[in-house]
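Below is one structure; the comments refer to it alone.
The values are calculated or read from the model by the stated rules, or taken from the named source; none is laboratory data. No experiment lies behind these values; they were computed from the predicted model shown. Cβ placement follows ideal geometry from the backbone for every residue including glycine, while neighbour counts extend to all protein chains displayed.
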Amino acid sequence: MRRKNKRIKGIRRFLAVCVMCAVLTANITGCGRDFDAAGYVQALLDLTFQADVTKASAFMEDASKEALMQAYRDSIDRFVAANITSGLELGELKTTRFAELVSKIFMVMRYQVQDARKTGKREYEVPVEICPADVFTAFQEMLVEDSLKMAEKIEKGEYEGATEEETNQQILLDIVNHAYELLDTAYMDIQYGEEETVILHVSADRGSEYSVDEDDMDGLIRKILRLDEIQ
């Protein structure tokens, strides 16, 4: 069941993929006094969670909407490949289904960007109110329960193939099929926690290129998806 455990642990790597979306709008050039830090954060979060490229393209004049959308899709695909379908030849249809489901999960995240507060010459604090969602914590719990049931089936010899490799492939395909069903169930039964506020720090470097503090963004994603609760 090492493959199963790998997928459970893989959820914790979800953050790395989300950060790739954040990098898309990491370098925004503008005047510190007139810079719309709250708008920038809104654009970043909408791109990451809603696949909304409209606001992001306004801040990144050198990036087309098509390029931003493709980058978003690529980040979703990388997540699916790294954490769900790794090592399996599932074909484009199954992979696409997982990507579409992950995108739907992103889109139901609840967040509200508040007014920015200028804290320095080219520094801002932007509060974001979030309602953490239990999709991935519930998914993990169901995966653990499902892995125990599958272990029983394996022990009883319910998987039989002409070769050991074929048997293993049957098991892995069952894992992936079950994972999709469980993730979809967790998504459909989503519950939100109490509202809390996360502070994102936005600042510019010497070249007047603005970015959100990576640790702050990491923390927001962990909290809104409750990834910090997954052991």
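Remarks
- Residue that is surrounded by the fewest Cβ atoms within 10 Å (Cβ to Cβ), among those in the range 97-112 that are in contact (Cβ under 8 Å) with a residue 24 or more places away in the chain and more than 14 Å from the chain's Cα centre (by Cα): Arg97
- The residue list Ala204, Ala138 contains one member that is closer than 20 Å to Phe98 by Cβ and surrounded by 18 or more Cβ atoms within 10 Å (Cβ to Cβ), which is Ala138.
- Here Gln169 clears all of (1) more than 23 Å from Gly91 (Cα to Cα); (2) assigned to a helix (DSSP H, G or I); (3) modelled with pLDDT under 85 except the condition numbered (1).
- Within the range 28-85, the residues that satisfy the criterion of being closer than 21 Å to Ile221 by Cα, modelled with pLDDT of 85 or more and not in a helix (DSSP H, G or I) are Ala51, Asp52, Val53.
- Val176, sole failed condition from (1) modelled with pLDDT under 85; (2) under 18 Å from Asp134 (Cα atoms): (2)
- The lone criterion from (1) modelled with pLDDT of 90 or more; (2) surrounded by 15 or more Cβ atoms within 10 Å (Cβ to Cβ); (3) outside any helix (DSSP H, G or I) left unmet by Asp115 is number (2).
- First in the range 205-231 and in contact (Cβ under 8 Å) with a residue 12 or more places away in the chain, second anywhere and among the β-branched types (Val, Ile, Thr) and in a helix (DSSP H, G or I), Cβ under 6 Å, 6 or more apart: Arg226/Thr137; Glu229/Thr137; Ile230/Ile11
- One residue from Arg206, Arg226, Arg222 being among the basic types (Lys, Arg) and out of contact with any helix residue (DSSP H, G or I) (no Cβ under 6 Å at 6 or more places or on another chain): Arg206
- Any hit, the range 90-103, residues being in a helix (DSSP H, G or I) and closer than 30 Å to Ser203 by Cα: yes
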